[in-house]
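Derivation of every value follows stated rules applied to the coordinates shown; laboratory data play no part. None of the values given here were measured: they were computed from a predicted structure. In this analysis, Cβ positions are derived from the backbone assuming ideal geometry, glycine residues included, and neighbour counts consider all displayed protein chains.
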Amino acid sequence: MKEQSSRMKKTGLVWNFLKGSVGLFIAALIFAMLNTAFNAVTPQIIRVAVDFVIGGQSVSLPGWTERFFSIQKARSDPAHSLLLSAAAILLVAVLSGICNYISRMNVAKASESFVKSLRDSLFGHIQRLPYSWHNQQQTGEIIQRCTSDVDVIRNFISNQLLEVFRTVFLIIVSLMIMFSMNVKISLVALAFIPIVAAYSGIFYSKIAKRFRLADEAEGELSSTVQENLTGVRVVRAFGREQYEIERFDKRNNRFAGLWIRLGRLLSAYWGIGDLITGLQILTVIVMGVMEAVGGTITLGEFLAFVSYNATLVWPVRGLGRILSEMSKAGVSIERVAYILDAEEEHDVPDAVQPPMDGDIAFHHINYSYEGQKPVLKDINFTIPSGGTFAILGGTGSGKSTLMHLLNRLYDLPPECGSITVGGVDIAEIKRSWLRKNIGMVLQEPFLFSRTIEENIRATRPGASLDEVRHAAQIACVDNAVDDFTDGYDTIVGERGVTLSGGQKQRVAIARMLMQQAPIMVFDDSLSAVDSETDAQIRAALKQNLGKSTVILISHRITTLMQADRILVLNDGKMEDLGTHEELIHHNGIYKSIYDIQMSSDDRSLLEKEEG
């Protein structure tokens, strides 16, 4: 029952994306069958030429052929009849070729339409999947499912699926003609078909299992390459090249080994299949010769019979290849369905788009990632609208998790507290509206492999260059960009490798400022700049952000100390909350960090800011 349900699910997925091009597929199928029918005519032309023209025997022909072929003239002029037979074979070949061309053109259009629709759906679906889902997946594995597996499915749709129908039609036509000529030999030819079908079915199940293992190994290999390329600077910095080579070699050996095992199985399949096919052809030829010698069939009928048998046996033989490809496609469909079946982010019914300039309140938040210990424990505080709120805490204290919950990158489970903006629970706010109004800059910002101008303009594609420059000036990156030969047209390398860490953070800040969001979150986004640049950026932000609510997360006291309120987190709990002046008199974690960080340089910078 489970296997049947799985087949129905796969069929439903294929049909869902194929139904838009059913007309093209039907046209391809019709012309493929016409092509098969024309091919079936050729042996009959040869039979007539051998028996009637050369052998002088009487044959019965359809009445419509008298318009093109005169029996009396054929008997008196054999050379003309042979020439006419050759012309007929050529005509049939031309018509067959035309039908084949039209069939393949239509199936190509149908398969490309199918795969385009599948790719669009896959990519769009991935964009709507939760952030938590992406965190649980390997990038290389996702890419492999969206490329290699989709190509396997397309290959099946464009080649094997049509071939299934064409082969069934060919078997029916060939057997009908063969039985009309000689029942005994036809029964012998027919007896081998169930043997080949059963034999192919046995191998089908084995091939499907091994292909699934090989496909999964390919996904692991792709993930290894992707991870290595993403972390190439770390690999170089720590001299891990040999380790990475050995790691890749291990997975590559496993991948190659699985394909060798699969190839060994396919070789056995084709080898045994060739033996069965050879026995079938030999048996039919031997019986045909015996029947021809005994006078039961004519020489022309024998030649036609052998031709039909060859036409029949190889498509039947090819059913194994089709089943093999079907097994691969089945595995690939399952792997693609895994992505499509993942539940998308969704809004509650009647989700609202309220003003986002109100107070932000965290009400008794408790949160833990799946399978892990609690990250946040009874967090309860309010961020006043239009103010600057700072969060300080050690690694793993839950600072970033708070902001991810605010932006609904993760959703709060029921009975784990609530977050409100202007008194409205964020669970009732449209995600797109929420994220449009909350600008975020992360500690490790991602930049696209485009120009600096395009990266800054990403949140407002219609912004002018002057607006781009203004945002860059606030982020204190405008002078650095001007120093580049191509200025704002400088191409940022993949993952931003063209820029330094501080420059990437400042470009990311400029990009977020272009969003003009009423809530702005800086998640340790000044960690890669020096203290003086940090102070310049904060001064520019304070002057230009107007009524926006600003949330600063940092390990640097000088970044946080001028905030209206500072929250101190420790191991997921609220350790302290207050102004800078209040916290340095509490003799807690904040005071300890302040004393450690306040070097002479920091003190002079602080005095300069206060002055």
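Between helix 22-48 and the chain, what is the angle of the helix's C-alpha long axis to the longest principal axis, kept within 0 to 90° and rounded to the nearest 10? The helix 22-48 is inclined about 20 degrees to the chain. Direction-averaged projected area, Cα convex hull, segment 333-386: 6.9 nm², rounded to one decimal.
Any idea what the alpha-carbon Rg over 2.2 N^0.38 Å comes to for segment 409-525? Spell out each step's value before the answer.
Working: Rg = 16.1 Å, N = 117, 2.2 N^0.38 = 13.4 Å.
Cα Rg divided by the expected 2.2 N^0.38 Å: 1.20.
Once the chain from Ile245 to Met8 is taken as fully extended at 0.36 nm per residue, the excess over their C-alpha distance is 81.0 nm. In segment 323-470, the inverse of the mean reciprocal separation of distinct Cα atoms equals 18.7 Å; this is its Kirkwood hydrodynamic radius.
How high is the relative contact order of the chain, in percent, counting Cα pairs under 8 Å that sit 6 or more residues apart? It would help to have the intermediate numbers written out before the result.
On the way: 799 pairs, mean separation 83.3, N = 611.
The value is 14 percent.
Quick check on the exposure proxy: order Asp489, Asp466 from fewest to most C-beta atoms within 10 angstrom. List each step's numbers first, then the result.
Working: Asp489 12, Asp466 8.
Ranked by crowding around the Cβ, least crowded first: Asp466, Asp489.
Only the Cβ atoms of Lys and Arg (+1) and of Asp and Glu (-1) were treated as charged; on that basis the dipole of the chain about its Cα centre amounts to roughly 3220 debye. Which value in deg cm²/dmol, rounded to the nearest 500, describes the helix-derived mean residue ellipticity at 222 nm for the chain, given -39,500 (n - 2.57) per DSSP H run of n ≥ 4 and division by the residue count? That calculation yields -21000 deg cm²/dmol at 222 nm.
If the limit is 25 Å between Cα atoms, which of Lys109/Lys209; Lys373/Lys573; Lys116/Lys328; Lys10/Lys206; Lys10/Lys209; Lys399/Lys542 go over it? In this structure, Lys109/Lys209 exceed 25 Å between Cα atoms.
Per-residue extension of 0.36 nm, minus the Cα-Cα distance of Trp15 and Gln353, leaves a gain of 117.9 nm for this segment. In this simple spin-label approximation, Arg261 and Leu299 carry label points 7 Å from Cα along the Cα→Cβ vector, and these lie 5.6 nm apart. Computed from the Cα positions only, the extents of segment 167-218 along the three principal axes stand at 52, 18, 9 Å, in decreasing order. Overall shape of segment 78-194 was characterised from the C-alpha gyration tensor. The equivalent ellipsoid obtained from it has semi-axes of 48, 21, 9 Å, in decreasing order. Counted residue by residue at 0.36 nm each, then reduced by the alpha carbon distance between them, the extension gain from Val289 to Thr139 reaches 47.7 nm. Set the Förster radius R0 to 35 Å, insert the Cβ-Cβ distance between Gln597 and Asn479 as r into 1/(1 + (r/R0)^6), and round the FRET efficiency to 0.05. Efficiency computed from Cβ-Cβ geometry: 0.80. In the chain, the sites counted are GluC sites (Glu not before Pro) in DSSP loop states with at most 11 other Cβ atoms within 10 Å, and the longest stretch holding none of them, exclusive of the sites, is 1-342.
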